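Scroll down for the structure; my scribbles are underneath it.
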Amino acid sequence: MERVDRCVVLVDAGYLLGAAASLLAGEPSRSRITIDHAALIQGLRERAEADTEQPLLRIYWFDGAPDRVPQPEHRRLRVMPRVTVRLGALTRSDGRWAQKGVDAAMHAELTELARNRACSDVVLVTGDGDLLPGLMSAKEHGVAVHLWAVQAADGDYNQSEDLVAEADERRVLDRAWITRAVRAKDLTGLCSPPPAPRPDIAAILSAPLPEAALAEAARNGAAATGPQDRDGVPVPAPTTPGGKPVPTPKDLAGALRATGQQSGPQTAPSGAHAPASALRWSSDKGWIDRAGPLGEPAETASLPTLAQLTSAEQRWADREEDITTVGGDPFEVGQVFARRWMERLPETVHLQKLATMYPRIPHRIDGELLRYAARFGLLAHKDDQIDEHDRYAIRAGFWREIDVRAAAEHVAAVPTSGPGSTPGEFTAPLTPTAE
């Protein structure tokens, strides 16, 4: 069998990213760095083809994952051209994560490629001496082995000396090369008091309420005494950058009671609509009061979910977009979900109805939104807890996208000229307001 003149790259992701974190952030934890995987793969390909002077056949990315379930970064990597992802197990012992099966998978792939003469050159990005037998076997089959190291933070070796001694060619990926695709996170503020919410999230959480309802609630005594500290001194209510207090769940419920919209099951007079339910601040399962025999208000039950609006072809395209272009930032995830929902609405009346419910997302849609976000690993925590800031950011992104569309439709509906108006000028609301 004739050998094919091309190169293959085998990457031990645990070594590459752990060493990069040590170099840039001072400790081998991936949580300390951010990675541009597209730039990293492109850099590996260009460097391999330049060093071996052979065209690339494929990059094999070996990594660990809990129960071998692909994580968001793995899903993005495996759809990139010329990239194949191989996953081993990721287990936690004595408070530290450890990969299982990654070295064995790399050894098997290396020996199989060499035995089948699938390439003339193999680039190994690893430091583990367990790969030494596979390296020696590849050399015996006539394959040139190039061993790449990540520059060590202390200037010493971070690879097995036996592995270094047996390699045909050796290169070091220095700090300048690494920082093209990897950078350290700025964690200087972790020990300081938590920063104020981002202005865009704060604007969404400001939850504007009708002035009349608030005034009526104050007259009826619905605005109960606010929170106090240990000495009984009232604690000022939190405010947004604009100075407007952020309503608490009690504020929202009190305002709704003042306008006759009491929470809980009610008996409506004949011919009258049942009053709306007072949704609590978090509309996750178990955190919501729903009225009506079916457990959901009629005004929200009529809103279609994204799943109901999505065809099989659109679902496939959505997954492709999620994998290839959606980065997974909580705010971005909320925007993407809202954009798809609005684009597929058969009638704009649904959008108008949703805008009047601000800032409370209907329970079915909110649950679907959070389940969608879970695909990006945003809601998966070791203690099975949902990060509150992530939920705020997801919902803020959702409302911001709704806000943009609602404002655009408002502009289209408002005349741009006529009595009392100046041609070309308009006023559009920054956020949808509740009725």
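The values are calculated or read from the model by the stated rules, or taken from the named source; none is laboratory data. Every value quoted in this text rests on a predicted model; they were computed, and no experiment measured them. Methodologically, a virtual Cβ is constructed for each residue, glycine included, from the backbone with ideal geometry; neighbour enumeration extends over all protein chains shown.
Here are the numbers for the structure shown:
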| read-out | value |
| --- | --- |
| Count of the range 19-52 residues which are in a helix (DSSP H, G or I), over 23 Å from the mean Cα position of the chain (by Cα), surrounded by fewer than 13 Cβ atoms within 10 Å (Cβ to Cβ) and not charged (D, E, K, R) | 1 |
| Residue count for the range 332-366, restricted to those that are hydroxyl-bearing (Ser, Thr, Tyr) and either surrounded by fewer than 18 Cβ atoms within 10 Å (Cβ to Cβ) or on the phi > 0 side of the Ramachandran plot (or both) | 2 |
| Checking Gln54 against (1) at pLDDT 90 or above; (2) within 21 Å of Gly129 (Cβ to Cβ), the condition it does not meet | (2) |
| Conditions (1) surrounded by 14 or more Cβ atoms within 10 Å (Cβ to Cβ); (2) over 23 Å from Ile178 (Cα atoms); number of the one not met by Trp97 | (1) |
| Test: residue in the range 387-399 that is modelled with pLDDT under 80 and on the phi > 0 side of the Ramachandran plot | no |
| The range 299-310, residues that are part of a helix (DSSP H, G or I) and modelled with pLDDT of 85 or more | Leu306, Ala307, Gln308, Leu309 |
| Residue, modelled with the lowest pLDDT, within the range 311-331, restricted to residues that are buried (at least 16 other Cβ atoms within 10 Å of the Cβ) and outside any loop (DSSP other than H, G, I, E, B) | Ile323 |
| Pairs where the first residue, in the range 164-188, is over 15 Å from Glu46 (Cα atoms) and the second is part of a strand (DSSP E or B) and of a type in the set (Asp, Glu), C-beta under 9 Å, 6+ apart | Asp168/Asp121; Glu169/Asp121 |
